[in-house]
Structures are given as structure tokens and as C-alpha cells.
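To keep things clear, I will list the structure first and then write my remarks on it.
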Amino acid sequence: MRPLIELIGLPSDSNSSFERGSALAPPAIRAALWSDRGNLACENGMEIGQDFELRDRGDLQLFERAEDDALIRAAVSESIASGAVPLVLGGDHALTHPVVQAVHAAHGPLTILHFDAHPDLYELFDGNPRSHASPFARIMEAGLARRLVQVGIRTLNRHCREQAERFGVEILPMAEFTPDRVPVLPGPLYISIDLDGIDPSEAPGVSHPEPGGLTVREVLAVLRRQTGWIGGADIVEYNPRFDQHERTAIVAAKLLRELAALITRNASRG
Ligand code: MN
Ligand code: MN
């Protein structure tokens, strides 16, 4: 049976601390994915629809209030119960917390590989515990992850450094980054890609651009080395309002294809 991967769009940006716009991302990423300007091949030779099935649950209707988290958990749980691996399109990074809650409910404690310019470990940001600057504080304090490895980090302040120490987060600072320094994590693995982890020269369409970031090629090199089976993934923080000629949407669509191919490859490795 071909592995089944299911897209779930979560158009929510009310927990963004600075700019709105990431709620517009899911349809823009889908448009880039299915555009005739490219094909459906992935770099490991797999093709969408040939080597795995890519189903689309569409966009979840959200209301920009705290109760959205329960709707997100329910949609992700339904997806997993149907036999799919959920691949979530944000929205801002706040949604990773309820998504991880649902993946954890199905598979137990996760290892998490997190690409981002920011550690997103704030206890609170602007008084909001659901801020997109805080999802990994919520995930770690609830014990949802056995390990959290963060890649691309280049904005670590004192508070977040203390939070990382408190939670045992493994941060690979951008200053010393090479792909082979990233540990290969056992499953169940969850992969969260905040597009601002990538350098703004390659992915300008984000709310918090931070120079000195990862290349797309480096992200792909880190992904390619991972062999653990993957229980879920997300691509978040694409903000079409700041994109240029759809460049960032095309990056997001490429990463979507590559994540789907990696989920498929690693599933067959048991
Ligand atoms: Mn983030
Ligand atoms: Mn970020």
C-alpha cells in the first residue's frame, strides 16, 4: 500500500506578535505546488501520486480564538486515525503546539527537529501564552517531546537561553552550523519548518526576516540525513504579503514535496 500523506491548511495568524498575513499562506503554497511551472518529482526520485498519495483535507475553518486549538487537535487526530501522516501548512508557528499535542496523543513522546531563526521558547510574549514566539515552551513544559533539536537559530536572547537550558533543548547555533552537526533523530519524529529559518535572500516572504540564515540546500541536506519514521510535519510562517514573485511560496512547495518524500522513504525503513 502506498503511504498516505495528508495536507491540512491552518489559516491562522492571530498569535503573530508583529505582522499578520500568514493566514493567507495555505492556498498560495498549494498553488505553487500544483503549478505547471514545475513537476511532481522529489529529489530522492519519488513522485507525488506515484510513490505516495498526497491527499488534501483543505483548510480548516478557524475563528482566531483559543478554542481553535481543540479544532486543530481534532483535525490532526482524524487525519492520523484515517491512516495518514499529517503535513500541516500554517499559519503562524503558534499552531505547532496543538498539532504536536495531537501527534503525541497518537504516538507518544516525540523527537522534534525544528528549523527557525527563533527558538520560540518564550514563557509569554506580549502576555500571550499562545504566541507564535512560545509554542516550544508549551510543548516542552507538557513533556510532549523527548528531544527538541533547533536548527538555524540566530536570535537567542537571555530569556530564551535560560528556557532552553531549563528544558534541555539542543540548539545548533547558526554561527557554527554545518548539516552534519545535526543529530539523526529516532522516530517518532516531528519536523517543524518555520520559513524564516531560511535566509531572507531565498525566502523573503516571512513576518520576521533575519539575515544570515540557512540555504534551502542546507535544509534539504539536514532532512536527507534523517532516517527516523515521521509522525507529522509542518511548514509555517509563510507570509504572502511580503513575498516577491512567489519565490517563498515556491520554496514552501519544494519543502512540502521533499518532506512528503522523506516521510515515505523513512516509513519503508520501519
Ligand atoms: Mn517560529
Ligand atoms: Mn521564526
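The numbers here are math on the coordinates, done by the rules we state, and not lab data. For clarity, every value in this text was computed on a predicted model and none was experimentally measured. Positions of Cβ are backbone-derived with ideal geometry, glycine not excepted, and every protein chain shown enters the neighbour counts.
Some observations on this one:
- Dipole moment magnitude, nearest 20 debye, the chain about Cα centre, only Lys, Arg, Asp, Glu C-beta charged: 640
- Electrostatic bookkeeping for Gly21 treats Lys and Arg as +1 and Asp and Glu as -1; over the other residues with beta carbon under 12 Å from its beta carbon, the sum is -3.
- 3J(HN,Hα) from dihedral phi, the range 60-75, Karplus parametrisation 6.51/-1.76/1.60, rounded to Hz, x for glycine, proline: 6, 6, 10, 10, 6, 8, 4, 5, 4, 4, 5, 5, 5, 4, 5, 5
- Anisotropy class of the range 99-187 from Cα gyration tensor, a/c 1.5 cut: oblate
- Net charge dipole, the range 155-270: roughly 420 debye, given to the nearest 20, about the Cα centre with Cβ charges of +1 for Lys and Arg and -1 for Asp and Glu.
- For chymotrypsin sites (Phe, Trp or Tyr not before Pro), the sites in the range 1-96 that DSSP calls loop and that have at most 12 other Cβ atoms within 10 Å are Phe18, Phe63.
- Backbone N atoms of the range 99-143 closer than 16 Å to the 7 Å Cα→Cβ label point of Arg158 belong to residues 123.
- Label-to-label distance for Asn39 and Glu141 is 5.0 nm, based on points extended 7 Å past Cα in the beta-carbon direction.
- Overall form of the range 37-131 per C-alpha gyration tensor (a/c, 1.5; a/b vs b/c): prolate
- Rounded to the nearest 20, the size of the Cβ-charge dipole of the range 1-60 about its Cα centre is 120 debye, with Lys and Arg at +1 and Asp and Glu at -1.
- Along the chain, the longest continuous region that contains none of the trypsin sites (Lys or Arg not before Pro) in a DSSP loop with at most 12 other C-beta atoms within 10 Å is 66-268.
- Cα gyration tensor, the range 4-269 - rounded (a/c under 1.5), prolate or oblate: rounded
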